[in-house]
1. For region 115-162, give me the residue count where each residue is in a helix (DSSP H, G or I), touching a Ser or Thr at 6+ places or on another chain (Cβ under 6 Å) and within 18 Å of A41 (Cα to Cα).
2. Return the residue satisfying two criteria in turn: it lies in region 58-101 and is modelled with pLDDT of 85 or more and among the β-branched types (V, I, T), and of such residues it is nearest to A116 (Cα to Cα).
3. For region 766-784, give me each residue that is of a type in the set (V, I, T) and either touching a Phe, Trp or Tyr at 6+ places or on another chain (Cβ under 8 Å) or assigned to a helix (DSSP H, G or I) (or both).
4. Pick from L124, L117: which is surrounded by fewer than 16 Cβ atoms within 10 Å (Cβ to Cβ), over 29 Å from G34 (Cα atoms) and either among the polar types (S, T, N, Q) or touching a residue at least 40 places away in the same chain (Cβ under 8 Å) (or both)?
5. What number goes with the only condition from (1) under 29 Å from D594 (Cα atoms); (2) surrounded by fewer than 21 Cβ atoms within 10 Å (Cβ to Cβ) that I466 does not pass?
6. I need the full set of residues from region 44-70 which are touching a residue at least 24 places away in the same chain (Cβ under 8 Å) and closer than 21 Å to W139 by Cβ, in order please.
7. Can you pull out the residues in region 679-697 that are within 42 Å of the chain's Cα centre (by Cα) and either exposed (fewer than 14 other Cβ atoms within 10 Å of the Cβ) or modelled with pLDDT of 70 or more (or both)?
Amino acid sequence: MTHAISSPAIGELSIWSVLGLSGQGTDEWARLRGLQYSQLALVARARIWAQALAAIVSVLLFAPFVSHPMIGGWLGALCASLTYSVRNEGQLSDADRRGMFSNEFRRQALGTIINALVWASPLLFFLPQAPVHLRYEFWTVLAMLMTVSAVIVPTVPLSTLLFSTIVGCGSVVGFFTLLQPGMAGVAALFVASIALGTIEASRHFLASRLAVAGMAERNEVVSLLLREFDEDEADWLWQTDAQRRVRAVSERFAEAMGMAPSEIEGAGFLALLLGPGGDPRSGEGRGIERGTVPGLKELEEKFKARESFSNLVVRVMVQGTRRYWSLSGAPRFDDVGAFMGFRGVASDVTEQQETSEKIAYLARYDTLTGLPNRMMVIDALENALVAAREGDGQCAFMMIDLDRFKAVNDTLGHPVGDQLLSQVAERLRVLMTPNSLCGRLGGDEFCVVLRQANERTLVARLAQAIIADLSQPYFVDGHELTIGASVGSAFGPVDGGSVPALMRNADFALYRAKRNGRGMHSAFDEALRAEAEARAWLEEALRAAVERQEFEMFYQPVVDAPSERLVGFEALLRWNSPELGRVSPDRFLSLAEDTRLSLPIGAWVLKEACHQVAQWPGNLRVSVNVSDKQALDPAFIDHVVTALAVSNLAPQRLEIEVTESLFQRDPALARATIERLTALGCSVILDDFGAGQASVAILCEMRFDAIKLDRALMKGAASGNAESVAMIRAAVAIADSLEMITIAKGVETPQELEIACKLGCRRLQGLAYGEARGVEEVRDLFGTRSMPVAQQEKAG
């Protein structure tokens, strides 16, 4: 519902307002100009005919005395100016509805100026060549044009004023040049009369149009409020008197309140909406603070200010049930301007409001735990940072990671894990104070925002309380579970002036807490800052390395155990940075995973390994390690196909190594990826077998070509650890029964070599058969590849 437009008196419109030279850029200016200039499109044809007729008369007057090229050039300029003006004015036909833009106003004025200059030019260039009597005849033509402009478009005084002023000034100058001051005076008086008459006519036009527009808007408001509601039973009419008492109660209003019309008539409107807590015979409520009822305070303010309102949602009580109404209304006045109350329409929007509230809740709260989610936590932290800066204080952000939760989730399943997370959330909620807010960031990551943390000991005590409480046993579905928690904290704004910086630094502190043994609290400090800066610098260098392809491939031999003959290589990535030198894979590969650079790097490794191995003897294979993120990437299989096709490498010579964590991330997608690799003809190896708890179960579900034993098992077996020996025997037995090859990696010493062969491992890999070699060194092996690799090492 819009406010009615008040129509100003004629005298209230100043000359500058009528001309459009004041208030540019405002809504009022755009509305007034739209009312004026929309008329130009209606009279465009009449103006063109008038100017065409004047041009014909002018050509007939000057043709005997002025050269035809000059007249032709003048006619061309006239046509161009008319085309420019008509095109601009044609776009203003709807300006009375949408308003006029400043650039449209300027273009129209420019068109008028150009047209006026074209008509003024004969005064300076044609008249000196013509006889005296033509001066008066051509002046008559110009006077006719000025009169036509004033009569046809009185609504646009600036256009008429510009045209008349330019043509009039040209006439005055021309007559003075020809020594006719009397005619110059006549021209000046004529122009002044035209200008004043046009301005006054336009002022009357604007006042009239504003009055009509205001009446139309008031009629629209009245029709909205007084319409019949037969087609929509959800809406009803309401009305109050000057004391806010309900009057003229409609049947539908009574039905919506669950009361008889006689019970509502005369009741205080606000008290009626409040329900039993309000006095039905007064305009005010008792026992309930209206400020606590959504929408009611705003409604009361509109009543006090006697202002119109639209779609104001108010919570009401209907027979003890909470409902939501959408109210629209406008004040009523009698013929002498006395206030008579309000009249409006209402509709029940309870269902829509509850849906909106539910959506708003889901957008800001975690559905599993009921704690604030990441979005709400970020808002709270942002507000805390602003308050800390303004108050010259500190806030704090704490990140909490649950220790050993993943093992519980993997072993007992997600339903148990979800219940455990809910209990964790409840314990955190109990620890919170009005100064703190806890939330769930996702997975098993929780956090706490402390709005005021000027004392660092406060954060340390809270962290220890969190660790202690979360480490107590939990009872879920008959299981007694014990997990732990690690906490990292950072203070704002000293440790980070923005939300991302503060969260990142708290995460760094959490990483150090977990690295130091878990179940600990670590606060961000300068050492961590230096570490973070070094990490950021390394990340930047790694991104540059990806773009410049600073990587190279090394290959570690894999041999057949019985014959010690070379059967293939494992592809290993090395980074030789111009600035950093050789960077340890342990240092940059984990960073690549965290920054998603592992995807382009992994694709490059696949392509490069296939390209190089394709040039080697056809009996040699290459195995490529693939990270979980890379294997689950939708483009992974396409990268494999492309690498094989471009290098022309047989798929049987490519082995893809994955770990069991791949199946814990997304079992269905992992299974589909393995099946597609197998369908291509590639071999799939389960790496680090025995390092986790789910390796055997995965072997039962998926088909692999080989398993590669975890290096720790081989070390343990060589040192006499009976459990390691038993696990290797079991792994070999399972692999043999499933027709899979067992690969022992990390074989470095003669003892490890002997026990690997003794326990039945069919392939061996490790320093006992040489370190990883560059491409050129690998090629040196091919000339004597019939020799056992062990002998090659000795020969080297």
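The values are calculated or read from the model by the stated rules, or taken from the named source; none is laboratory data. Keep in mind it's a predicted model, so treat the numbers as computed, not measured. Please note: Cβ atoms are built from the backbone with ideal geometry, for glycine as well, and neighbour counts cover all protein chains shown.
1. Number of matching residues: 6.
2. T83
3. V775, V778
4. Residue meeting the stated conditions: L124.
5. (2)
6. Answer for region 44-70, where residues must be touching a residue at least 24 places away in the same chain (Cβ under 8 Å) and closer than 21 Å to W139 by Cβ: R47, A50, Q51, A54, V57, S58, L61, F62, F65, V66, M70.
7. A679, L680, C682, V684, I685, L686, D687, D688, Q693 - these are the residues of region 679-697 that are within 42 Å of the chain's Cα centre (by Cα) and either exposed (fewer than 14 other Cβ atoms within 10 Å of the Cβ) or modelled with pLDDT of 70 or more (or both).
Okay, residues lined up against (1) charged (D, E, K, R); (2) within 30 Å of F397 (Cβ to Cβ); (3) out of contact with any helix residue (DSSP H, G or I) (no Cβ under 7 Å at 6 or more places or on another chain):
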| site | (1), (2), (3) |
| --- | --- |
| A530 | no, yes, yes |
| A544 | no, no, yes |
| P557 | no, no, no |
| G581 | no, no, yes |
| E593 | yes, yes, no |
| A603 | no, no, no |
